[in-house]
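As structure tokens, the structure follows; a few thoughts come after it.
Just so it is clear, none of the values below were taken in a lab; they were calculated from the coordinates. Here the structure is a predicted model, which is why all the values come from computation and not from measurement. Note that we place each Cβ from the backbone using ideal geometry, even for glycine, and neighbour counts take in every protein chain shown.
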Amino acid sequence: MTPQQKVASFRDKKGPGSIAALTCYDYPTARLLDEAEIDVLLVGDSLGMVVLGFPDTTHVTLSHILHHLEAVARAKPKSLIIADLPIHTYDDPAQALETARKLSAAGADAVKLEGGIRQSEKVKAITEAGIPVCGHLGMLPQRVLEEGGYYKKGKTPEQTKALLEGANALLEAGAFAIVLESLTPAAARSVTKSISIPTIGIGCGDATCDGEIAVITDLLGSYPWFVPPFAKPEAQLATQTSQAAAKYLQRVRAQATQERFRP
Ligand code: KIV
């Protein structure tokens, strides 16, 4: 299936529970998530924190995303692969298009960028070149330094109005879906109802968007040093990893009591 064919089926995915999306940064996880029939694999810039050990996403470069995207694409998943445009790789429409083309060549079916009205010319440039774009509104991790932290959005009528305007601008520019991050449930519902393309929520509450996205380490319980309050882990891989390492260590140390093998 071409990226355009994969994306075409997305436009109808309106209604709670229509899209299950997860972040994905490597080949084995991509194979497993594809086998589990997850709809979207996002090579998100959250990889900066949960894989590369940076404090936030502002340290992520295009080379980082390309490296991980190529690994995910090698799994040839049926799932839609979306890749993030990292900070300062889409400062103007020409640069945005150049970056999107590199991500597309590396295996992305679609790309994602953060922001609403101020990004509409960039979204237009990319979609007109035939590369599908997913928007991202609400709490924008690439703006964490300007905003001085991660804050919930849609708490006031003015904020909700700005979100609605942003969503419409993205829709008109040709976006096929929009990630809504950390909106109040009421604001997320209102944006979702107001646009014809699907919304994919994170930290917006249950059944407020058409789909849900989670950072894979939050689902697997494999990054215990920071767990967002809305995370719902379905596994405890950090604990299992520590236990497996401790057992292995014990097994190796126990060899000290065994006689050395002599040929
Ligand atoms: O990079 C990422 O993981 C994201 C999700 C939080 C939506 O953009």
Local net charge near G48, Cβ-Cβ under 13 Å (Lys/Arg +1, Asp/Glu -1): -3
Mean Cα-pair separation over length for segment 133-185, i.e. relative contact order, pairs under 8 Å, 6 or more apart, %: 60
Cα gyration tensor shape for segment 126-166, rounded if a/c is under 1.5, else prolate or oblate: oblate
Where labels lie 7 Å past Cα in the beta-carbon direction, separation of A246 and K78 in nm: 4.1
Cut-off of 10 Å, at most 14 other beta carbons, DSSP loop: longest stretch of the chain lacking such GluC sites (Glu not before Pro): 38-233
Equivalent ellipsoid semi-axes - Cα gyration tensor, segment 96-234, angstrom: 24, 20, 14
Amide N of segment 46-65 lying under 19 Å from the label point, which is placed 7 angstrom from the Cα of W225 along Cα→Cβ: 46-61
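Of all DSSP beta bridges located in segment 1-138, what percent are antiparallel, nearest 5? Mind dumping the intermediate values first?
Details: 1 of 13 bridges.
That works out to approximately 10 percent antiparallel.
Which of rounded, prolate or oblate describes segment 48-94 when judged by the alpha-carbon gyration tensor and an a/c cut-off of 1.5? Intermediate values should be presented prior to the final figure.
Values: a/c = 2.47, a/b = 1.28, b/c = 1.93.
In terms of gyration-tensor shape, oblate.
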Degrees, to the nearest 10: 62-74 long Cα axis against longest axis of the chain: 70
Spatial separation of Cα centroids for segment 106-179 and segment 180-198, in angstrom: 12
Net charge dipole size for the chain [Lys, Arg +1 and Asp, Glu -1 on Cβ; Debye, nearest 20]: 700
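Over the chain, what is the mean sequence separation of C-alpha contacts under 8 Å (at least six apart), divided by residue count, expressed as relative contact order in percent?
Working: 499 pairs, mean separation 48.1, N = 263.
That works out to 18 percent.
Taking a ≥ b ≥ c as the square roots of the eigenvalues of the Cα gyration tensor of segment 3-232, is the shape rounded (a/c under 1.5), prolate (a/b larger than b/c) or oblate?
Working: a/c = 1.23, a/b = 1.12, b/c = 1.10.
It is rounded, given that a/c, with a ≥ b ≥ c, falls under 1.5.
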Percent RCO, i.e. relative contact order, over segment 1-91, from Cα pairs under 8 Å lying at least 6 residues apart: 32
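Considering only DSSP states other than H, G, I, E and B, which trypsin sites (Lys or Arg not before Pro) in segment 1-65 qualify as loop sites with at most 13 other Cβ atoms within 10 Å? If you can, show how the numbers build up before the last one.
On the way: sites: K6, R11, K13, K14, R31; in loops: R11, K13, K14.
Qualifying residues, ordered by number: R11.
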Using distinct alpha-carbon pairs, which all enter the 1/r mean, Kirkwood radius of segment 48-158 in Å: 14.8
Bridge type composition, the chain - antiparallel percent by DSSP, nearest 5: 5
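Could you give the length gained by full extension between S63 and K193, i.e. 0.36 nm per residue of separation minus their alpha carbon distance, to one decimal place? Provide the component values of the computation, followed by the final result.
Values: separation 130, 0.36 × 130 = 46.80 nm, distance 3.69 nm.
That pair, S63 and K193, stretches by 43.1 nm at full extension.
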